[in-house]
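The values are calculated or read from the model by the stated rules, or taken from the named source; none is laboratory data. Since this is a predicted model, take the numbers as computed values, not measurements. FYI the Cβ positions are ideal-geometry reconstructions off the backbone, even for glycines, and counts take in every protein chain you see. Only protein heavy atoms, including side chains, enter the accessible area calculation; ligands, DNA and RNA are left aside. Shrake-Rupley method; radii C 1.70, N 1.55, O 1.52, S 1.80 Å.
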Amino acid sequence: MPPVTGTPVYPRIIQGGMGIGVSGWQLARAVSRLGHLGVVSGTAVDTVLIRRLQDGDEGGHVRRAMAAFPVAGVSDDLVRRFYLPPGARGNAPYKLLSMFRRVASLGRQEVAMMANFVEVWLAKEGHDGVVGINLLTKVQMPNLPSLYGAMLAGVDYVLMGAGIPREIPGLLDALSEHREARLKLDVEGPAGAGPDELVFTPRDHAIEDRTPLRRPLFVPIVSASSLATTLARKASGRVDGFIVEGPTAGGHNAPPRGQPLFSADGEPLYGERDIVDLGKISELGLPFWLAGGAGTPEGLRAALAAGAAGVQVGTLFAYCDESGFAPELKSRVLAGIADRSVRVRTDPRASPTGYPFKVVQMGGLEQQDDRRQRNCDLGYLRTAYRTEEGRLGYRCAAEPVADYVAKGGDVADTVGRRCLCNALTANIGQPQHRDAGEELPLLTSGDDLVSLDTFAQGRARYSAADVVDYLSGVPACS
Ligand SMILES: Cc1cc2nc3c(=O)[nH]c(=O)nc-3n(C[C@H](O)[C@H](O)[C@H](O)COP(=O)(O)O)c2cc1C
């Protein structure tokens, strides 16, 4: 089956995939219905799903989508294990999933498949617009079941950054034909006897209809033309375009190229070498979108003038009504923007991935800091390492320091690290309850957050359609 029929009409606006759960199905659906590309975040969305169930699944949307999942029994099993009527959980801690490992049980894979399926299915419900899914290359272990789950729901685009997703295009081809997919697992420490691989076998899962799935367009997120060239030429299959993301974008950023330099405030300094050569990107002959501070009408016009198909925008969408950020956090930050008390810091240490991570700073906003008692119970950012005895282990630089060091980690790596898994779930109103209180949020946004008022004009709230109107300069039609 041909992967895509006809020449795709590329969207002008891509609503960036924002994890964890900021780009949920409501936001992606709203953008997609307006004729642009709505993107759901697939990162840690299995935890988001079971927390929604434990919070009562208001409106029944999640359970409605779960019922459409093609592997019989998974929906009933998850509802039995996790669903609670609204308010019934009280102050009890959320129940957890087991953390992903190189080999995950079929049941654990099916939760990841289900969660990504649900997010895409709901985002696509009731209209013909296109929907994408964003996954982080670095969060390797859940990625194959996540992609397959999203494809079972008919995802149109896969967008992946935070690493070099060279193997993914070929794996999308395999998954679309329900063939086995093998992805090299990055393992620190001594080499093992055999290859370290993640293996996902669609036929292990009881799906009756094996009609080939539509192969989604694959659009990697890059911050250098050299990476785009490598992917265009050497990826394992077809690459369909690029998001070219600069260092002002929200979330994680690529580190500066060359010798690391820092401002007096400890922020990484970017220079000439970090400016992407758009001429070289154009020469690749594939569509591309600009991201990072591109969320203005001028930004869109400049992108089009530079040969781009459009822009990918995160920060503006992150504070709209349909985004997953907890409503009280959105209004606090919007008020802080209006009274100019907000700033964004590029923190080189916060993320256990080692990539710079943008953190919103604002007086009076209580966020996760060094005083948090470390606890690693979600584990999406754990990386694999091999012990001298040849065993595989998993560690995260934000876990309790003694544990990390006992696993052979360098104590220096732990300094300043935040538990993004727990903080980012707190951002969307799903904080874990601990004896010491609730997990605190840690908001991320692009540098342009501070000028968001040019668009918001003091409004206390706005919708995704307002953002689309503003960017396209034409009234939105729904
Ligand atoms: C709250 C937030 C979370 C984000 N999370 C992700 C993510 O999980 N994966 C990703 O590829 N990009 C992520 N991004 C980046 C956006 O997808 C988008 O590329 C970026 O925000 C564009 O720049 P802008 O923020 O200046 O609009 C995130 C951005 C924000 C603001």
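Could you tally up the Lys pairs in the range 13-470 with alpha carbons closer than 30 Å? Skip any pair fewer than 8 positions apart unless they're on separate chains.
The number of close lysine pairs in the range 13-470 is 21.
Kindly sort L381, L53, L440 by accessible area of their heavy atoms, largest first, with the probe set to 1.4 Å.
Ranked from most to least accessible, the order is L440, L381, L53.
Please give the peptides 263-269, 11-17, 444-450 ranked by average Cβ packing (other Cβ atoms within 10 Å per residue), highest first, as a rough proxy for protection.
11-17, 444-450, 263-269
Could you state the number of Å between the C-alpha centres of the range 356-392 and the range 203-224?
Centre-to-centre (Cα) distance: 30 Å.
With each pseudo-label sitting 7 Å past Cα toward Cβ, what's the D186-A92 distance in nm, one decimal?
3.8 nm
Dipole of the chain (Lys/Arg Cβ +1, Asp/Glu Cβ -1, origin at the Cα centre): which of A326, P356, G192 lies farthest to the positive side?
Working it through, the farthest residue towards the positive pole turns out to be G192.
Only sites in a loop by DSSP and with at most 14 other Cβ atoms within 10 Å count here; which trypsin sites (Lys or Arg not before Pro) in the range 33-98 make the cut?
Hits after loop and neighbour filter: K95.
Taking Cα pairs under 8 Å and at least six residues apart, what relative contact order does the chain come out at, in percent?
17 percent
Can you work out ³J(HN,Hα) from phi for every residue in the range 388-401, in order, using Karplus 6.51 cos²θ - 1.76 cosθ + 1.60 and θ = phi - 60°, giving whole Hz and x for Gly and Pro?
4, 7, x, 7, 8, x, 9, 8, 9, 5, 9, 6, x, 4
Simple spin-label model, 7 Å along Cα-to-Cβ: L392 to I207 in nm?
About 2.2 nm, to one decimal.
How much length is gained if the chain between E58 and A402 is pulled fully straight, taking 0.36 nm per residue apart and subtracting their Cα-Cα distance, in nm to one decimal?
Stretched out fully, the E58 to A402 stretch lengthens by 119.8 nm.
Label 7 Å along Cα→Cβ of D77; the range 139-158 residues with amide nitrogen under 19 Å?
Once the point is set 7 Å along Cα→Cβ of D77, 142-150, 152-153 turn out to lie under 19 Å by backbone N, inside the range 139-158.
Output the antiparallel fraction of DSSP beta bridges having both residues in the chain, as a percent to the nearest 5.
The answer is about 40 percent antiparallel.
Using a 1.4 angstrom probe and counting only protein chains, how large is the accessible area of Y470 in Å², to 10?
50 Å²
Which value, in debye to the nearest 20, gives the size of the charge dipole of the chain about its Cα centre, when Lys and Arg are +1 and Asp and Glu are -1 at the Cβ?
Around 400 debye, computed over the chain.
Using a simple spin-label model with points 7 Å from Cα along the Cα→Cβ vector, what separation in nm is obtained for D128 and D277?
4.2 nm
If you average the C-alpha positions of the range 164-188 and of the range 232-257 separately, how far apart do those two centres end up, in angstrom?
18 Å
Would you rank S41, S105 by solvent-accessible area, highest first, keeping every protein chain in place and using a 1.4 Å probe?
Reading off the accessible areas and sorting them downward yields S105, S41.
At 1.4 Å probe size, with the rest of the protein present, what percent of the exposed accessible area of the chain is carbon and sulfur atoms?
51 percent
In the range 346-370, whose amide N lies under 20 Å from the spot 7 Å out along Cα-to-Cβ of T230? List them in ranges.
Output list for this probe position: 353-356.
Any idea of V342's accessible area? Nearest 10 Å², probe 1.4 Å.
For V342, solvent-accessible area is about 10 Å².
So what are the ³J(HN,Hα) numbers for the range 420-435, from phi and the Karplus equation (6.51, -1.76, 1.60; θ = phi - 60°), rounded to whole Hz, Gly and Pro as x?
5, 4, 6, 5, 6, 6, 5, 4, 9, x, 10, x, 6, 8, 10, 4
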